[in-house]
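Here the structure comes first, spelled out in structure tokens, and everything after it is commentary.
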Amino acid sequence: GKLLSGVAKAKVTLLFASGGHFAGCVFQGREKVRSKTFHRYVIRAKAGTRQAVRDAMGGGSVPKSAGSSIRRHNEEALQRDINDLLEAWRGDLGESALVFVHAPGTVNKASLFGSGALSHKDPRVRGVPFATRRPTLSELNRVHSLLLGIHPDTPEPP
């Protein structure tokens with residue numbers, strides 16, 4: 001309520017990571033300052049789990065198929081891409097009044113908080129208080145509108 005209405009014109013960042021998808025966007029009021037999305041093939045078809053999760057369950061043996069190797073490589077590449085982006089956005093992250101994060105699971109959380117550009121202990125970092133869909137730019141726009149109470153037919157406050 002009151003806190004979110006106070007940041008209606010401030011810089012707000014949204015970062016979502018889930019299932020090999022990443023979407024990030026920095027808003028200044030209603031305007032998008034910058035945005036970026038990534039997708040990598042990391043989920044095992046039909047099993048619905050990340051390759052790293054499957055490897056951890058395997059005990060002493062891990063799958064050695066071509067697909068598993070590609071998924072392992074893509075997990076590393078996705079992590080690297082997210083870290084590079086967060087480093088490039090370090091200034092915007094520092095200027096943001098709030099940073100909303102949606103990253104279910106340890107691998108997704110590590111991808112956002114592992115680079116050092118963002119800390120889970122930062123009081124500006126918040127979870128999204130409702131269900132979200134796949135991390136896409138349109139989903140970030142939807143969540144931003146809901147979080148800040150911005151509706152397309154509502155005039156901008158003075």
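All of the numbers you see were taken from the coordinates with simple rules; none came from a lab. Bear in mind the structure is a predicted one, so any value in this text is a computation, not a measurement. When we count neighbours, we look across all protein chains shown, and the Cβ atoms used for this are built from the backbone with ideal geometry, even at glycine.
The table for this structure:
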{"read-out": "Full-extension gain in nm, Q28 to R44, via 0.36 nm per residue minus C-alpha separation", "value": "2.0 nm"}
{"read-out": "Derived scalar couplings ³J(HN,Hα) [segment 27-33; Karplus, 6.51 cos²θ - 1.76 cosθ + 1.60; whole Hz; x for Gly, Pro]", "value": "10, 10, x, 8, 8, 7, 7"}
{"read-out": "Candidate lysines for bridging to K9, where Cα separation is under 25 Å - those fewer than 8 sequence places away on the same chain excluded", "value": "K32, K36, K121"}
{"read-out": "Zone of I70's modelled label, taken as backbone nitrogen in segment 28-47 under 20 Å from a point 7 Å along Cα→Cβ", "value": "38-47"}
